[in-house]
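Q: This is the structure I have questions about; it appears just below.
The values are calculated or read from the model by the stated rules, or taken from the named source; none is laboratory data. Bear in mind the structure is a predicted one, so any value in this text is a computation, not a measurement. Every residue, glycine as well, gets a Cβ built from its backbone with ideal geometry; the counts of neighbours run over all protein chains shown. Just so you know, the surface numbers come from the protein's heavy atoms only, side chains and all, with ligands and any DNA or RNA stripped out. Shrake-Rupley method; radii C 1.70, N 1.55, O 1.52, S 1.80 Å.
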Amino acid sequence: MLKIFRRVFFACPAAVHCTVLKRTPLYDIHLSLGARIVDFAGWEMPVQYKGVIEEHLAVRSACGIFDVSHMGEIEVSGPRAEEAVRLLMTNDIARVEDGQCQYTLLCYPNGGVVDDTIVYRYNNERFLFCVNASNTDKAYEWIKEQVSSIALVENLSDQYAQIAIQGPNAASILEDLSDIPPSEIKPFHFVLAELSGGIEAIVSRTGYTGEDGFEIYIAPTDAKELWEALMYSGEEFGIAPVGLGARDTLRLEMGYPLYGHELGEGITPIEANLGKYVKLEGREFIGAEALRAQKAAGVKRTLVGFRMKDAGIPRAGYEIAKNGKKIGDVVSGTMSPSLKEGIGTGFVEPAFKEVGTEVDVVIRGRAAKVEVVKLPFYKRPY
Amino acid sequence: MEFPKDLKYTKEHEWVKVEGNIATVGITDYAQDSLGDVVYVELPQEGGTVTKNEPFGVVESVKAVSDLYSPISGSVHEVNDAIIDSPEAINEDPYGDAWMIRVEIGNTNDLSDLMSSDEYQKFIEEEK
């Protein structure tokens with residue numbers, strides 16, 4: 001990396017010591033597509049191919065294809081699996097049907113977050129957690145420690161590669177490749193489909209971009225074939241490979257949290273404004289007591305989204321201030337490729353959380369005006 | 001990637017073009033390519049001073065913030081305000097439209113440790 005870089009906002013999460021880097025089965029394809037590779041959570045991943053802005057806009061207007069094979073997969077199964085999963089989750093998986101997925105947090109007893117994850121409900125005896133790459137080992141150990149006495153907990157991360165296609169054209173691209181019409185998969189539902197005439201896959205209508213799209217889990221040995229089939233089918237629909245750089249700007253435009261930024265062991269879902277994924281009524285799960293108490297007492301800081309009113313780009317770690325006094329910290333920030341302005345999220349004292357509130361972000365010692373806005377920053381036009 | 005022969009280069013990936021007592025400064029093709037899409041630039045005021053090896057401004061891509069280091073000491077003769085409104089020019093034309101500042105050279109000795117095009121290319125090969 002260049003010496004001139006003051007700070008690159010794609011560093012390896014501190015908890016991970018990236019000595020031996022892992023590669024996904026699509027690594028060679030990324031190189032052949034001219035990707036720039038970075039170390040991310042212990043993986044050698046493509047951060048960009050042609051450029052973050054171009055890739056970002058391709059997802060908003062057509063379709064992007066992402067290698068997300070670094071994500072972890074943990075399965076919990078057995079006759080008492082539902083009880084085990086409900087004990088771990090802040091959201092309530094009993095409220096959804098078989099074949100549905102649900103976003104949830106996994107919390108520690110103190111309300112801090114182990115990880116945020118999407119849970120796939122096959123049936124009441126089998127569940128799959130898709131966890132962050134940086135948290136896979138930690139989440140697996142945590143889940144095992146909590147529930148292995150009542151359910152079978154398996155880390156299946158090595159058995160799955162994952163490809164996401166995201167954008168308004170995603171369903172059209174998948175149409176010819178899938179034995180189950182993608183239009184029949186409702187948002188936050190999944191099917192076990194056969195793709196490209198023989199590839200067994202879990203296909204869910206989920207994503208991390210705010211666009212329509214699918215996340216597809218396959219065996220690592222099938223990853224190259226599926227990637228190429230999707231690229232071929234997607235050519236007429238403007239498909240473009242998208243790296244982690246645009247994945248981050250896309251999720252931030254939607255206000256989606258990223259572990260290590262809006263979430264962490266020292267941040268609760270209540271503080272991160274994720275209360276709607278915390279179902280406290282009449283339930284006991286790990287962390288419920290602490291979260292209930294925090295909800296009753298009120299939080300000392302809360303997550304807000306803001307946009308720049310002055311010139312500049314907010315970045316994680318910058319201070320948020322009002323009249324020269326510190327009131328919080330930026331946790332994510334970028335130049336929004338869709339909105340063409342600086343946007344960010346940060347934790348502030350609750351007195352400053354209302355939409356329209358003007359505060360400052362301190363950029364290299366200079367106070368730059370920002371305005372608290374409603375999330376998401378970006379709304380899709382369809 | 002291009003590294004024009006008539007320019008001098010620094011280890012911090014700036015280029016310098018000397019014409020009389022005026023040095024024009026920008027960032028190299030290698031620097032803009034490494035940064036990715038440039039979306040923001042901060043430059044000094046006209047009439048201010050810059051100091052050799054000290055930051056004179058900032059360039060930001062979507063993902064990275066980088067300091068710009070001055071290859072020479074002197075007073076700022078002219079600033080390219082156009083790139084503040086169109087920072088993408090730094091990706092498109094780093095040696096042309098996207099020059100950054102013109103400095104009145106204070107001490108010509110400052111130029112002695114700058115690299116030639118060949119030396120700079122060798123330097124970035126070693127740095128990779």
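Q: Under 23 Å between alpha carbons, and skipping anything fewer than 8 positions from B:LYS63 in its own chain: which lysines qualify?
A: A:LYS3, A:LYS22, A:LYS50, A:LYS309, A:LYS340, A:LYS369, A:LYS379, B:LYS11, B:LYS128
Q: Turning to a different aspect of this structure: Sequence gap at least 6, Cα distance under 8 Å: using those rules, report the relative contact order of chain A to the nearest whole percent.
A: Contact order relative to length: 17 percent.
Q: Taking just the alpha carbons, could you work out the radius of gyration and Dmax for region A:133-271, both in angstroms?
A: Here Rg and the maximum Cα pair distance are 16.8, 51 Å.
Q: Just checking the output field for A:334-340: average partner chain Cβ neighbours within 10 Å of each residue's Cβ?
A: That works out to 3 on average.
Q: Of the heavy-atom accessible surface of region A:121-242 (probe 1.4 angstrom), what whole percent is carbon and sulfur?
A: Summing carbon and sulfur atoms, their accessible area is 44 percent of the total for region A:121-242.
Q: Just the number, please: buried accessible area between B and A, total of both chains, 1.4 angstrom probe, nearest 100 square angstrom.
A: 2200 Å²
Q: Running a GNM on chain B with Cα contacts under 10 Å, which residue among B:GLU19, B:GLU78, B:GLU92 ends up with the highest mean-square fluctuation?
A: Of the options given, B:GLU19 has the highest mean-square fluctuation.
Q: Using R₀ = 45 Å, calculate the FRET efficiency as 1/(1 + (r/R₀)^6) where r is the Cβ-Cβ separation of A:GLU200 and B:LYS128; round to 0.05.
A: 0.65
Q: Over every pair of different alpha-carbon atoms in chain B, take the mean of 1/r and invert it; report that Kirkwood radius in Å.
A: 14.4 Å
Q: Across peptide B:35-42, how many C-beta atoms of other chains are within 10 Å of each residue C-beta, on average?
A: Mean partner-chain Cβ count within 10 Å for B:35-42: 6.
Q: Where Lys and Arg each count +1 and Asp and Glu each count -1, what net charge lies around B:PHE3 among other residues with Cβ under 13 Å from its Cβ?
A: Every neighbour counted, the sum reads -4.
Q: Between B:SER116 and B:ASP33, what is the label-point separation in nm under the 7 Å Cα-to-beta-carbon projection?
A: So the label points at B:ASP33 and B:SER116 sit 2.2 nm apart.
Q: Which residues make up the longest stretch of chain A that has no GluC sites (Glu not before Pro) in a DSSP loop with at most 13 other Cβ atoms within 10 Å?
A: Formally, the longest exposed-site-free interval is A:98-280.
Q: Roughly how many nanometres apart are two label points built 7 Å out from the Cα toward the Cβ at A:LYS295 and A:ARG366?
A: Distance between label points: 4.4 nm.
Q: Here's something else I'd like to know. Please compute the length gained on full extension between A:ASP176 and A:GLU228, using 0.36 nm multiplied by the number of residues separating them and subtracting their Cα-Cα distance.
A: My answer for the length gained is 17.4 nm.
Q: Please report, in Å, the Rg and the Dmax of the protein assembly as shown, where both are computed over Cα atoms only.
A: Answer for the protein assembly as shown, Rg first and Dmax second: 24.9, 84 Å.
Q: Name the residue from A:ALA58, A:LEU87, A:VAL113 whose Cα lies farthest towards the positive end of the charge dipole of region A:15-121, charges +1 on Cβ of Lys and Arg and -1 on Cβ of Asp and Glu.
A: Sorting the options by dipole projection puts first A:ALA58.
Q: For the protein assembly as shown, what does the accessible surface come to per residue with a 1.4 Å probe? Please give it in Å².
A: Solvent-accessible surface per residue comes out at 42 Å².
Q: With θ taken as phi - 60° and the coefficients 6.51, -1.76 and 1.60, list the Karplus ³J(HN,Hα) couplings across region A:361-370 in order, rounded to whole Hz; mark glycine and proline as x.
A: 3J(HN,Hα) across region A:361-370, in whole Hz: 10, 8, 10, 6, x, 10, 7, 10, 5, 10.
Q: Where the Cα atoms of region A:300-373 are projected onto their three principal axes, how long is each span, largest first, in whole Å?
A: 32, 24, 19
Q: A further question on this structure: Rounded to the nearest 5, what % of the DSSP beta bridges within chain A are antiparallel ones?
A: That works out to approximately 95 percent antiparallel.
Q: Going by amide H atoms built from the backbone, whose H comes under 5 Å of the H on A:ASN273, apart from near neighbours?
A: For A:ASN273, whose amide H was placed from the backbone, the distant partners under 5 Å are A:LEU303.
Q: Same structure again: Roughly how many Å is it from the Cα centre of region B:38-91 to that of region A:128-197, as a whole number?
A: 46 Å
Q: Explain nothing, just the number: relative contact order of region A:26-80, from Cα pairs under 8 Å at least 6 residues apart, as a whole percent.
A: 23 percent
Q: What distance in nm separates the simple spin-label points at A:GLU349 and B:LYS5, each placed 7 Å from Cα in the Cβ direction?
A: 6.5 nm
Q: Within 10 Å of each Cβ in A:239-247, how many Cβ atoms from other chains are there, averaged over the peptide?
A: Neighbouring Cβ atoms belonging to other protein chains average 1 per residue here.
Q: Please go through region A:251-359 and write out the trypsin sites (Lys or Arg not before Pro) that DSSP classes as loop and that have at most 10 other C-beta atoms within 10 Å.
A: A:LYS300, A:LYS340
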